[in-house]
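Scroll down for the structure; my scribbles are underneath it.
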Amino acid sequence: MNSVTEVSVYLIQALSSLYLLIVLLRFLLQLCKANFYNPISQFIVKATQLLLGPIRRVIPPVNNIDFASLLAALVIQLAAMELTLLVAGGGLIPLTTALVWAVIGIMSMLLNIFFYGLFAAIIVSWILPQSHHPAIALIWQLMEPVMAPFRKILPSMGGIDLSPILMFLLIKVLRIVVSNFASATQLHPGLVPGI
């Protein structure tokens, strides 16, 4: 691969991953019933409105599940993979294979969101426990519904919350499953970021 192709592939993957992250955060905001008046939530809504507006007219949300965001994430992942292969000199992927690979990429991105979100929440709870910054509030709103079941299993011990350890273990197990599934489907290394 020459340098122009390598730079092009990098830009395609970086920009598509960034927008995919924003779309998946929009999905999680609604799923977790996060505060949509938070400035960061407002940015996410505005950044995704052009893409999700028309899709939501056809596929409305059901309860807290925003199927339009999931469909948009799938389309973004498919487009990024196909464009990456075309730029790199490969052919198009068969649709069924591409769909499986796209779902693997989305699952991997969701696991990364929860892993880094949990990590950030833990660090912030030690350094700035009383902060009211919008980013910190949003992280807690996204992590709290996921951590609540773990707190029932492993309650606080002397003021120390050990439930994130269980969540990290589950995330690691799910990452192994996703990685093995990617290998089983012969997913090309580097085609889907985060795998």
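Computed from the C-beta positions of LEU128 and LEU162 and an R0 of 25 Å, the FRET efficiency is 0.75 to the nearest 0.05. Working from Cα pairs under 8 Å separated by at least six residues, relative contact order for region 98-165 is 24 percent. Using Cβ point charges alone (K and R +1, D and E -1), the dipole size of region 3-184 about the Cα centre works out to roughly 360 debye.
Along its first, second and third principal axes, ordered by size, region 3-184 spans 58, 37, 34 Å in Cα coordinates.
Once the Cα-Cα distance is subtracted from the 0.36 nm per residue extended length, the ALA135 to LEU18 segment shows a gain of 40.4 nm.
Within the listed set LEU21, LEU86, LEU52, the residue fluctuating most in the Gaussian network model of the chain (springs between alpha-carbon atoms under 10 angstrom) is LEU86. Helix 67-88 axis versus longest C-alpha principal axis of the chain: approximately 40°, rounded to the nearest ten. Report summary: the helix-based calculation at 222 nm, which adds -39500 (n - 2.57) for every DSSP H run with n ≥ 4 and divides by the residues of the chain, gives -26500 deg cm²/dmol. When Lys and Arg each count +1 and Asp and Glu each count -1, what net charge do the other residues less than 15 Å away from GLY90, Cβ to Cβ, add up to? Local charge sum for GLY90: -2. Dipole of the chain computed with +1 at Lys/Arg Cβ and -1 at Asp/Glu Cβ about the Cα centre; of TYR19, LEU162, LEU187, farthest Cα towards the positive end is LEU162. Charge tally for ASN63 (other residues, Cβ to Cβ under 15 Å; Lys, Arg +1; Asp, Glu -1): +1. Of the trypsin sites (Lys or Arg not before Pro) found in region 4-111, the ones in coil according to DSSP and having at most 14 other Cβ atoms within 10 Å of their Cβ are LYS33. Between the Cα long axis of helix 95-127 and the first principal axis of the chain there is an angle of about 30°, rounded to the nearest 10. Computed extension length for PHE36-ILE65: 8.9 nm, one decimal, from 0.36 nm per residue of separation with the Cα-Cα distance subtracted.
Using a cutoff of 8 angstrom between alpha carbon atoms and counting only pairs six or more residues apart, the relative contact order for region 3-184 works out to 23 percent.
No lab work stands behind these numbers, since they all come straight from the coordinates. Remember, predicted model here, so these are calculated numbers, not experimental data. For neighbour counting, all protein chains shown are included, and Cβ atoms are generated from backbone atoms with ideal geometry for every residue, glycine included.
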